[in-house]
Amino acid sequence: MDACSLCLENKPLSDSHIIPRSFFHKIKNGIPQLIKLNTDPKISPALDNANWNEPLLCADCEHFLNVTYENSQLSFFRNYKSVSKSHAKLTYHNLNFKKFYIMWLSIIWRASISRLPEFSKVDLGADINELIRYVILSENITPHGADITDHIKIGLTRIKPLAGMDEQVVRKMLTSPILEESPSGFNFYFMVEGFLVFYIFSPIYQHLPPPYFGEIKKSRFLRIPRIDIAQSKHATRLFNDIITIAKSHPEWR
């Protein structure tokens, strides 16, 4: 019997979703399969269940993640009564900073310990994996007195569709985390429900994030910039890849 990756006890393991199941339910909207694209245009798109799950956590830890973080924080994230909108940004009110931060942190942790090929580029290393495991399980963002948010920054950006583009094209995109190395550390980003989610790992406290980075920080408010695709090099890269694939495989347009 394998050990649970969160509590480390030898228990039967559940099929754990690396990216929360709730995201897949919303994107699929009753459709059993999604179109899976590879960034290599030589590989043809394919229909895929795209559940991205594997035996990682015991049933107790799955329940703990759902009840402690995912259920409440994803409900908050999608609740239009929690957010006010302007042309330049979304402002979320009454943020539970710690739970919201750890919910997103748990996703990159699960991606790092995953053995699925979709997450092969996500490797935080044993020390960081263990640190995040402790933070998730203990609900404590200051292990050993050090604030983890000083060196692992998480932020979001809302991507607006291009003129003439159906907004659902943006909202229904889901990617696995993409690695971006930097002089002072390494970053990951992925797309879900119309948002770019960023992770910045750096030993440098004052490491500067992208200008359109809406950081999840100690506040009752969360301000997320709303930008056009062309304003973000990360979004531009993603959509250019999609255009290249579409041109290479016109049968899937």
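I'd like the FRET efficiency for ASN66 and LYS247, computed as 1/(1 + (r/R0)^6) with the beta carbon distance as r and R0 of 30 Å, rounded to 0.05.
Plugging the Cβ-Cβ distance into 1/(1 + (r/R0)^6) gives 0.15.
Send over the per residue convex hull volume for the chain, Cα only, as a whole number of Å³.
Residue-normalised Cα hull volume stands at 142 Å³.
How about LYS89: which lysines have a C-alpha closer than 20 Å to its C-alpha, ignoring those fewer than 8 places off in the same chain?
LYS81, LYS153, LYS160, LYS217, LYS218, LYS233
Please list, in order, the residues from the stretch 136-160 whose amide nitrogen is less than 14 Å from a point placed 7 Å along the Cα→Cβ vector of ASN96.
So the set is 139-140.
With +1 assigned to the C-beta of every Lys and Arg and -1 to the C-beta of every Asp and Glu, and no other charges, what is the dipole magnitude of the chain about the Cα centre in debye, to the nearest 20?
With only Lys, Arg, Asp and Glu charged at Cβ, the dipole is about 1160 debye.
Quick check: residue separation of LYS218 and ASP127 times 0.36 nm, minus the Cα distance between them. What number comes out in nm?
My answer for the length gained is 30.3 nm.
If contacts are Cα pairs under 8 angstrom and at least 6 residues apart, what is the relative contact order of the chain in percent?
Computed over the chain, the figure is 19 percent.
Per DSSP helix of 4 or more residues, -39500 (n - 2.57); summed, then divided by the residues of the chain. What does that give at 222 nm, rounded to the nearest 500?
Value at 222 nm, helices only, nearest 500: -8500 deg cm²/dmol.
How big is the dipole moment of the stretch 57-181 about its Cα centre under a simple scheme where the beta carbon of each Lys and Arg is +1, that of each Asp and Glu is -1, and everything else is neutral? Debye, nearest 20, please.
700
Measure out, as a whole number of angstrom, how far apart the alpha-carbon centroids of the stretch 49-95 and the stretch 125-147 sit.
The two parts, judged by their Cα centres, are 20 Å apart.
On a straight-distance basis, which aspartates and glutamates could pair with LYS28 in a cross-link, Cα separation under 18 angstrom, same-chain partners fewer than 8 positions away excluded?
List returned: ASP48, ASP166, GLU167, GLU193.
Any read-out appearing in this document is the output of simple, stated calculations on the displayed coordinates, not a laboratory observation. Bear in mind that the values here come from a model prediction, so they are computed numbers and not experimental data. When we count neighbours, we look across all protein chains shown, and the Cβ atoms used for this are built from the backbone with ideal geometry, even at glycine.
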